[in-house]
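So the structure is just underneath, and the comments pick up after that.
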């Protein structure tokens, strides 16, 4: 795959990066008096379309659709982005297992921006046609479905599929030719493992639980992380302090919101070097992740405004911007 293949696409992305929200724009959004004023602000900046309803879900969904439509116009082989949609794909599996097994209907629980939408996933499970699933989903789909049918343990089902998600992301990273995919996979799995350790420590989960939930990665020793979680939060912070994720220990000491913000910001730190990458697929992958981060941040602000949270409480949850 020649670097020149992406020259035009990267040039197009460079022209669009100037429209991404920077910290100054986020400050303007934070300064809006309520959710309605925020929505008006977003509409004035081109979010949504003329026929998009003036509500948060509709506008944010439309922005995500725009991002993927752009990528489809720039890239012949969209499979380079598959790893970015694994979380949504495996979420659809979790949701479909629970709907199929319980026969409860829950609207708006599926993602459509991935290889298998909710309707198709439900058909596959209803027919137990696991061969239609990607190879890295088949075994866990069958095992998780059978486990849920026999135990009705939703958490166990989630743990099985969440770990399979992390393993699929990591495997894709190991096979990837592009540095950004490898770095994205490493960061995603490591941060997920850290979050599992922190939450497990707070809820007194067992060693067995953590071993079932965590996935191996190069930048963490999950056995040491598990033992730290069993020893207390100070031990978790001490372990992280000796890794490349030392800033996570500082965020943990500050507050739960600061820690959640740090977790999300790791992806931005991973992709920021792509701002100066002129040719490869890297800037396109970075743009998709930057847009996802932007949309997530806007959702946090809108939710905070809707709940009448103080501005400072919302600000504490706001993520770092790509530009």
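The values are calculated or read from the model by the stated rules, or taken from the named source; none is laboratory data. Keep in mind that what you see is a predicted model, and the values were worked out from it rather than measured. A quick note on method: Cβ atoms are made from the backbone with ideal geometry, for glycine too, and the neighbour counts reach across all protein chains shown.
For the stretch 163-186: of the residues being farther than 22 Å from residue 93 by Cα and surrounded by 22 or more Cβ atoms within 10 Å (Cβ to Cβ), which is nearest to the chain's Cα centre (by Cα)? Step by step, filter the stretch 163-186, then rank; the result is 184. In the set (1) closer than 30 Å to residue 126 by Cα; (2) buried (at least 16 other Cβ atoms within 10 Å of the Cβ); (3) free of Cβ contacts under 8 Å to residues at least 60 places away in the same chain, the condition left unmet by residue 57 is number (2). Please determine, by comparing only the residues of the stretch 307-323 that are assigned to a helix (DSSP H, G or I) and touching a residue at least 60 places away in the same chain (Cβ under 8 Å), which one is surrounded by the most Cβ atoms within 10 Å (Cβ to Cβ). Here the answer is 314. Selection of the stretch 105-129 for residues being more than 25 Å from the chain's Cα centre (by Cα) and surrounded by 14 or more Cβ atoms within 10 Å (Cβ to Cβ) yields only 123.
Looking across the stretch 249-268, the residues that are more than 18 Å from the chain's Cα centre (by Cα) and either under 25 Å from residue 18 (Cα atoms) or part of a helix (DSSP H, G or I) (or both) come down to 249, 250, 251, 252, 253, 254, 256.
Checking each residue in the stretch 142-163 for being in a loop (DSSP other than H, G, I, E, B) and at pLDDT 95 or above picks out no residue at all. Taken over the stretch 222-244, the residue count meeting the criterion of being under 11 Å from residue 197 (Cα atoms) and not in a helix (DSSP H, G or I) is 1. Of the residues making up the stretch 76-91, those that are crowded, with 17+ Cβ neighbours inside 10 Å and more than 14 Å from the chain's Cα centre (by Cα) number 1.
Conditions tested, residue by residue: (1) surrounded by fewer than 18 Cβ atoms within 10 Å (Cβ to Cβ); (2) assigned to a helix (DSSP H, G or I); (3) in contact (Cβ under 8 Å) with a residue 24 or more places away in the chain; (4) touching a helix residue (DSSP H, G or I) at 6+ places or on another chain (Cβ under 6 Å).
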{"site": "270", "(1), (2), (3), (4)": "no, yes, yes, yes"}
{"site": "273", "(1), (2), (3), (4)": "yes, yes, no, no"}
{"site": "279", "(1), (2), (3), (4)": "yes, no, yes, yes"}
{"site": "287", "(1), (2), (3), (4)": "no, yes, yes, yes"}
{"site": "290", "(1), (2), (3), (4)": "no, yes, yes, no"}
{"site": "294", "(1), (2), (3), (4)": "no, yes, yes, no"}
{"site": "302", "(1), (2), (3), (4)": "no, yes, yes, yes"}
{"site": "305", "(1), (2), (3), (4)": "no, yes, yes, yes"}
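Scanning the stretch 194-219 for residues that are touching a helix residue (DSSP H, G or I) at 6+ places or on another chain (Cβ under 7 Å), in contact (Cβ under 8 Å) with a residue 24 or more places away in the chain and either farther than 27 Å from residue 183 by Cα or not in a loop (DSSP other than H, G, I, E, B) (or both) returns 194, 195, 197, 198, 200, 201, 209, 212, 213. For the stretch 93-134, a residue qualifies if it is closer than 19 Å to residue 79 by Cα and either part of a loop (DSSP other than H, G, I, E, B) or at pLDDT below 95 (or both), and the qualifying residues are 111, 112, 113, 114, 115, 116, 117, 133, 134.
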